[in-house]
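Asks: Sharing a structure, written as structure tokens. Questions coming.
The values are calculated or read from the model by the stated rules, or taken from the named source; none is laboratory data. Because the structure is predicted, anything quoted here is derived from the model rather than measured. As a convention, Cβ positions derive from the backbone with ideal geometry for all residues, glycine included, and neighbour counts pool all protein chains shown. All accessible areas refer to the heavy atoms of the entire protein, side chains included, with ligands and DNA or RNA removed. Shrake-Rupley method; radii C 1.70, N 1.55, O 1.52, S 1.80 Å.
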2 protein chains.
Amino acid sequence: MASYHHGSLRAALLAAAETILQREGINALTLRAAAREAGVSHTAPAHHFNDLAGLLSALAALGFSRLHDFARAEAGNVEIPDQLLAHARGYIAFARAHPELFKLMFRSERLDWDHPDLASAAAHAYSLLTPAAGERPAHIGHSQDALADTMARWSYVHGLAMLLIDGRLSAGVSMSPGADEDTLIADLIKRLQRLDGRGHR
Amino acid sequence: MASYHHGSLRAALLAAAETILQREGINALTLRAAAREAGVSHTAPAHHFNDLAGLLSALAALGFSRLHDFARAEAGNVEIPDQLLAHARGYIAFARAHPELFKLMFRSERLDWDHPDLASAAAHAYSLLTPAAGERPAHIGHSQDALADTMARWSYVHGLAMLLIDGRLSAGVSMSPGADEDTLIADLIKRLQRLDGRGHR
DNA sequence: GGATTATCTTTCCACTGTCTAGTTCATGTA
DNA sequence: TACATGAACTAGACAGTGGAAAGATAATCC
């Protein structure tokens, strides 16, 4: 039963890490804890992930990949012009569904952003918020305006997700009795459209 | 010279902690490192801050207090209707001026948000983004709309600050040659106004 | 089949947060 | 002034952590 070689230890360690993350939070997610959960010695993870930062970065990269798929799935049922909002809804839904993983992905100071897998997975996920072909039919401006649009969208969705995972939005809603959280979030997401285009005020 | 009682060790430890934070980053900011920097024994901080989380939370609370003052100072030279934008400019300027402290305040999983000082300091800073008297002259809606406005502003400014401290905005700007970073940021901040009011689309 | 290499274990070290017990000093009370 | 009380700080110890060897095992390639 106890084979010296695990065979797929890397995947097993990632699964173990995610289990710990959900069960005990990010502060309990250590190299040794992941090794214990996977039933291997405490130095085994180093061979696959190098560092603790390497393990966390790999898990975060996996999270970004899932986030991307989540947003794409949400956008699958929707007409082209509404895809941006669908992607934003997917982002927010993912944040609410996997708060601990989301915190790791966005708020952790332990990640190594020089890790190529993490950087590319994050860039891939964020690419959903860039102005894509067909989404901005008429007024496709200069690339500089497009950059500003992307930044604005990115900021807004990113910030909204932050508020959600910190529980501050729930706190605010509870202070305003009668407000439905889902309705409020839907309203907030819709405002994303207003950020587009360079201002003329 | 070596008096047994320091007299103002709490303040000295906070200053030491900030020094370490700027010099070596948040991962090097430990209880023992702060004690070393202040020249006291490694268990001295516990008496003033209880935990490591206590020390970091106290430092973060100090950061929120400074952030508030920063934003207020920016708004001091500006007419009433533009105060919201001035506050936002202050936020962003603070984030760019003190990136490590900003990361600690917003991105650290090591803070204890049950700590009353931290919670109140953060709430105080964020109150600058709530619709205040005189700022929304005509269409002061229901309190529920006001909540949504606050959340929207908060999300946007919060998210923009995040992008900045992660260096992603700089990366984006560098990809678009000829773009001036300050100009881009100013444009992005101006878009904050468009988020107000419940959408009718 | 034999050498090579990737995978995993054992042992060890410096460092961390935190507990317990002591030491020094300031301050209030008679 | 004498003394008690308690706050501020030190010293030492402990378990847990990341990480660096160095060794053991198994799969793979020739």
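Asks: Calculate one ³J(HN,Hα) per residue across the range B:104-114 by plugging θ = phi - 60° into the Karplus curve 6.51 cos²θ - 1.76 cosθ + 1.60, and present them in order as whole Hz with x for glycine and proline.
Replies: Taking θ as phi minus 60°, the curve returns 4, 5, 10, 10, 7, 8, 9, 7, 10, 6, 7 Hz for the range B:104-114.
Asks: How far, in nm to one decimal, is residue B:69 from itself in the other copies if the label point is set 7 angstrom along Cα toward Cβ? Shortest first, please.
Replies: 5.0
Asks: Turning to a different aspect of this structure: Express the accessible area of the range B:1-113 per residue in Å², computed with a 1.4 Å probe while the remaining protein chains stay in the model.
Replies: Dividing the accessible area of the range B:1-113 by its residue count gives 50 Å².
Asks: Tell me, what is the 1.4 Å probe accessible area of residue B:113, in Å² to the nearest 10?
Replies: Rounded to the nearest 10, that gives 80 Å².
Asks: Mind grabbing the interface size between B and A? I mean buried accessible area, both sides, 1.4 Å probe, in Å² to the nearest hundred. Write down the numbers at each step before the final one.
Replies: Working: alone 11590 and 11540 Å², together 19070 Å².
That pair hides around 4100 Å² of surface in total.
Asks: Right, here's the next one. For the full complex of protein chains and a 1.4 angstrom probe, list A:180, B:196 by accessible area with the highest value first.
Replies: Order by accessible area, largest first: A:180, B:196.
Asks: Which residue in B is nearest the B/A rotation axis when you measure from the C-beta atom, and what is the distance in Å?
Replies: With distances in whole Å, chain B gives B:159, 1.
Asks: Label-to-label distances across copies for residue B:167, with labels 7 Å out along Cα→Cβ, in nm, shortest first?
Replies: When each copy's label point is compared with this one, the spacings are 3.3 nm.
Asks: Compute the label-point distances linking residue B:119 to its equivalents in the other copies; points lie 7 Å from Cα along Cα→Cβ; give nm, one decimal, shortest first.
Replies: 4.1
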